[in-house]
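Peer 1: Quick one: the structure is below, questions incoming.
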Amino acid sequence: AITLCPNVPVYWTNRALCHRRRNDWLKVEEDCRRAIQLDYSSVKAHYMLGLALLQKQELDEGVKELQKALDLGRGANPKGYMVDEIWQELAKAKYMLWEHASSKRSWELQSLKEACETALREKHFLDDSQPEGFLDEAGISHMKQLEVLRQVFRKAGEADIPCEVPDYLCCKITLDIFCDPVITPSGVTYERAVILDHLQKVGKFDPITREPLDQSQLVPNLAIKEAVQAYLDKHGWAYKLD
Amino acid sequence: AHCTLGLALLQKQELDEGVNELQKALDLGRGADPKGYMIDEIWQELAKAKYLQWEHASSKRSWELQSLKEACETALKEKHFLNDSHPGSFSDEAIISHMKQLEVLSRVFKEAGEADIPGEVPDYLCCKITLDILRDPVITPSGVTYERTVILQHLQKVGKFDPVTREPLDHSQLVPN
């Protein structure tokens, strides 16, 4: 088909899909780039190009392509099956980016902390004229210094340490961080897909307040959505989906 | 009673106890009548007191941080000069590594003191009309969040529509966020 009609983007993405199945990532990249030249808004092309770049360890470029695919996909059809898949891959890639950057940061912090502790200790022993064993004002002040130093380095590295995601950023049903939060008339916020599932399979009521609820009453909680993105930007470890 | 006691304690500089009493007054007041006139007044006093508490604690923290930062910088610099055994012939690598150390040190102390430096409150925590931090946020069917009193005023005086999306809006549709 490509030989006969080389300007149809779908033929290129179809072939890219075949290459992907065969794990021939170089060819996936080639074909996707051709498809994008023909149709810049091809979700599949950006998606597979992103995956190919990740394979080559080009994390930043790969993440950009996946993000483009996600934005285009959401624009066209927010509940399409592809959107979920793209989001999964993007989250995985963002997690890798974070892991890479944060180990570098941790190492840097640890080295500097040790250098400071050593330098402060040496200076204290050089400056101090008290015989060993006597804990005078200078000694106490030195201990306090090391204590504050430890606190400072702990605080500086805090964002990189995985902890519990704050409640208000998590779905009340799954307890996972939000992807697409919606709020009910009772004022409770849930993950869109999960509450829709509940309304369909369990009953037309709010799971927590038990007030009657129809899917048309669900409102996208834009403020929470923004809050979640800000949190992920600062705490990349939270991209890890269980 | 809690409110008056709170204010009296603040006068005596008993900040923590004063704040506790004002908070109690606010919770009781909100429980009884969320839109009562006293609520606003109590909230104003509580906010002032909490700011004083922060100011007090944060200057102490800043001073502590600054002292330690200077002590580290001095110690690292002295160590760098002591380590070099050929005065006048510093290796470039050692200098660059030392400069990098000081740079990272600066970053570390900045990061550690960040929470105490006034910056911009994130957009998603502010009312879309007043741009002030939200106290009693409500969300409209369009998904936008406003300060309750401000949006109610808008609906009464300007018109029954969402200020940002301009979709029709009635006050009964507002949901606490």
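Peer 1: Residues being closer than 17 Å to A:Phe178 by Cα and polar (S, T, N, Q): count how many of those fall in segment A:190-241.
Peer 2: 2
Peer 1: Considering A:Glu122, A:Glu61, which residue is within 14 Å of chain B (Cβ to nearest Cβ), among the acidic types (Asp, Glu) and either assigned to a helix (DSSP H, G or I) or crowded, with 16+ Cβ neighbours inside 10 Å (or both)?
Peer 2: Values: A:Glu61 fails: within 14 Å of chain B (Cβ to nearest Cβ).
Only one candidate passes the filter, namely A:Glu122.
Peer 1: Here's something else I'd like to know. Has segment A:171-188 got at least one residue that is among the hydrophobic types (A, V, I, L, M, F, W, C), at pLDDT below 90 and under 20 Å from the mean Cα position of the chain (by Cα)?
Peer 2: Of the residues in segment A:171-188, the ones among the hydrophobic types (A, V, I, L, M, F, W, C) are A:171, A:173, A:175, A:177-179, A:182-183, A:188.
Those still in the list that are at pLDDT below 90 too: A:179.
Now restrict to residues that are under 20 Å from the mean Cα position of the chain (by Cα): A:179.
Within segment A:171-188, one or more residues are among the hydrophobic types (A, V, I, L, M, F, W, C), at pLDDT below 90 and under 20 Å from the mean Cα position of the chain (by Cα).
Peer 1: Follow-up question, since we're still on this one. What number of residues within segment B:145-165 satisfy the criterion of being within 12 Å of another protein chain (Cβ to nearest Cβ), closer than 20 Å to B:Arg30 by Cβ and of a type in the set (Val, Ile, Thr)?
Peer 2: Number satisfying all stated conditions: 1.
Peer 1: Go through segment A:64-83 and give me each residue that's surrounded by 13 or more Cβ atoms within 10 Å (Cβ to Cβ) and in contact (Cβ under 8 Å) with a residue 24 or more places away in the chain.
Peer 2: Listed by number, the residues that qualify are A:Leu66, A:Ala69, A:Leu72, A:Gly73, A:Met82.
Peer 1: Kindly indicate whether any position in segment B:125-144 is touching a helix residue (DSSP H, G or I) at 6+ places or on another chain (Cβ under 6 Å), hydroxyl-bearing (Ser, Thr, Tyr), more than 30 Å from B:Trp63 (Cα to Cα) and facing chain A (nearest Cβ under 8 Å).
Peer 2: no
Peer 1: Next question. A:Asp136 - would you say it is within 24 Å of A:Gln229 (Cβ to Cβ), at pLDDT below 90 and not polar (S, T, N, Q)? Lay out the reasoning, then the answer.
Peer 2: Values: within 24 Å of A:Gln229 (Cβ to Cβ): no; at pLDDT below 90: yes; not polar (S, T, N, Q): yes.
Considered against the rule, which asks whether it is within 24 Å of A:Gln229 (Cβ to Cβ), at pLDDT below 90 and not polar (S, T, N, Q), A:Asp136 comes out as no.
Peer 1: Answer yes or no: is there a residue in segment A:28-47 that is closer than 28 Å to A:Asp180 by Cα, modelled with pLDDT of 90 or more and of a type in the set (Lys, Arg).
Peer 2: Looking through segment A:28-47, none of the residues is closer than 28 Å to A:Asp180 by Cα, modelled with pLDDT of 90 or more and of a type in the set (Lys, Arg).
Peer 1: How many residues, within segment A:208-242, are at the interface with another protein chain (Cβ under 8 Å from one of its Cβ atoms) and of a type in the set (S, T, N, Q)?
Peer 2: 1
Peer 1: Please specify each residue of segment A:148-173 satisfying the condition of being part of a helix (DSSP H, G or I) and either facing chain B (nearest Cβ under 8 Å) or more than 21 Å from A:Lys225 (Cα to Cα) (or both).
Peer 2: Restricting attention to segment A:148-173, the residues satisfying the condition of being part of a helix (DSSP H, G or I) are A:148-156, A:158-160, A:167-169.
Correct list: A:Val148, A:Leu149, A:Arg150, A:Gln151, A:Val152, A:Phe153, A:Arg154, A:Lys155, A:Ala156, A:Glu158, A:Asp160.
Peer 1: Does A:Trp107 fit the bill of being exposed (fewer than 11 other Cβ atoms within 10 Å of the Cβ) and of a type in the set (Phe, Trp, Tyr)?
Peer 2: Values: exposed (fewer than 11 other Cβ atoms within 10 Å of the Cβ): yes; of a type in the set (Phe, Trp, Tyr): yes.
Against the criterion (exposed (fewer than 11 other Cβ atoms within 10 Å of the Cβ) and of a type in the set (Phe, Trp, Tyr)), A:Trp107 qualifies.
The values are calculated or read from the model by the stated rules, or taken from the named source; none is laboratory data. Quick caveat: nothing in here was measured; it's all calculated off a predicted structure. All Cβ positions, even for glycine, are placed from backbone atoms using ideal geometry, and neighbour counts span all protein chains on display.
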